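For reference, the structure is listed below as structure tokens.
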Amino acid sequence: MENFSSLFSKFPTTSDKAKAAFANHLEEFEVEKGFLLEKEGQVSKYLYFVAKGSARSYYIRDNRDITVSFTLDEEFVTAMHSFITRKPSYENIETMEKSKVFKISYEGLQSCFIDFPELERAYRMILEQYYIVLEEHQIFNKFKTARERYLELMQYRPKVIHKASVGQIASFLDMTIETLSRIRARI
């Protein structure tokens, strides 16, 4: 579980007992590129921590693949709406490369909260970060030009440029592949 220690460093006030209890509920696994962590129509059973690798969340609408977020090294991911509400997911989450992932079940997480209420604070902080990223992305897509959106992605999440396909990036930035290609040619 040494690879998971980087997560614990983000929550320095969490006791060693709480960290150990959380770690005992984790499953570590490796997956290849294209592995579906979550599938549309199914209830999200796990909260994932991508220790090494990357993933993307996407929807299929009108036969179009719409990328809504990217997850990189040392970030959490799940179909959050489904995970919290226990209703079927609207999204798919797919690895973009070979990845090392940890997962904790919904039930395991709830058990940790009962035994160690301090873990709820860490979870709240994870949810707050998730919400901030979501809100920034909404503002990002509504009020910025296509060029500004691409430049911000390059500045704040440059790894995405190297790990995702041009189509996935264009979809995430809410533009056509042709528009993205023109922007990239001018930079």
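The values are calculated or read from the model by the stated rules, or taken from the named source; none is laboratory data. Quick caveat: nothing in here was measured; it's all calculated off a predicted structure. Using ideal geometry, Cβ is built from the backbone for each residue, glycine included, and neighbour counts are taken over all protein chains shown. Note: areas computed on protein heavy atoms with side chains; ligands, DNA, RNA excluded. Shrake-Rupley method; radii C 1.70, N 1.55, O 1.52, S 1.80 Å.
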Worksheet entry | Checking V68 against (1) buried (at least 21 other Cβ atoms within 10 Å of the Cβ); (2) modelled with pLDDT under 95, the condition it does not meet | (1)
Worksheet item: Can you tell me how many residues in region 153-187 are without any contact (Cβ under 8 Å) to a residue 60 or more places away in the chain and open to solvent by 50 Å² or more (accessible area, probe 1.4 Å)?
Response: 17
Worksheet item: Residues in region 98-111: is at least one among the aromatic types (F, W, Y), open to solvent by 50 Å² or more (accessible area, probe 1.4 Å) and either without any contact (Cβ under 8 Å) to a residue 60 or more places away in the chain or not in a helix (DSSP H, G or I) (or both)?
Response: no
Item to complete: Within region 71-91, count every residue that is open to solvent by 40 Å² or more (accessible area, probe 1.4 Å) and in contact with an Asp or Glu (Cβ under 9 Å, 6 or more places away or on another chain).
Response: 3
Fill in: Search result, residues across region 136-152 that are exposed (fewer than 14 other Cβ atoms within 10 Å of the Cβ), part of a helix (DSSP H, G or I) and of a type in the set (S, T, N, Q)
Q138
Worksheet, complete the sentence: Checked region 69-92 for anything more than 18 Å from E27 (Cα to Cα) and either assigned to a helix (DSSP H, G or I) or of a type in the set (V, I, T) (or both); matches are T71, M80, H81, S82, I84, T85
Item to complete: Test each condition in (1) of a type in the set (D, E, K, R); (2) more than 19 Å from K17 (Cβ to Cβ); (3) surrounded by fewer than 16 Cβ atoms within 10 Å (Cβ to Cβ) for E94 and report the one that comes out false.
Response: (3)
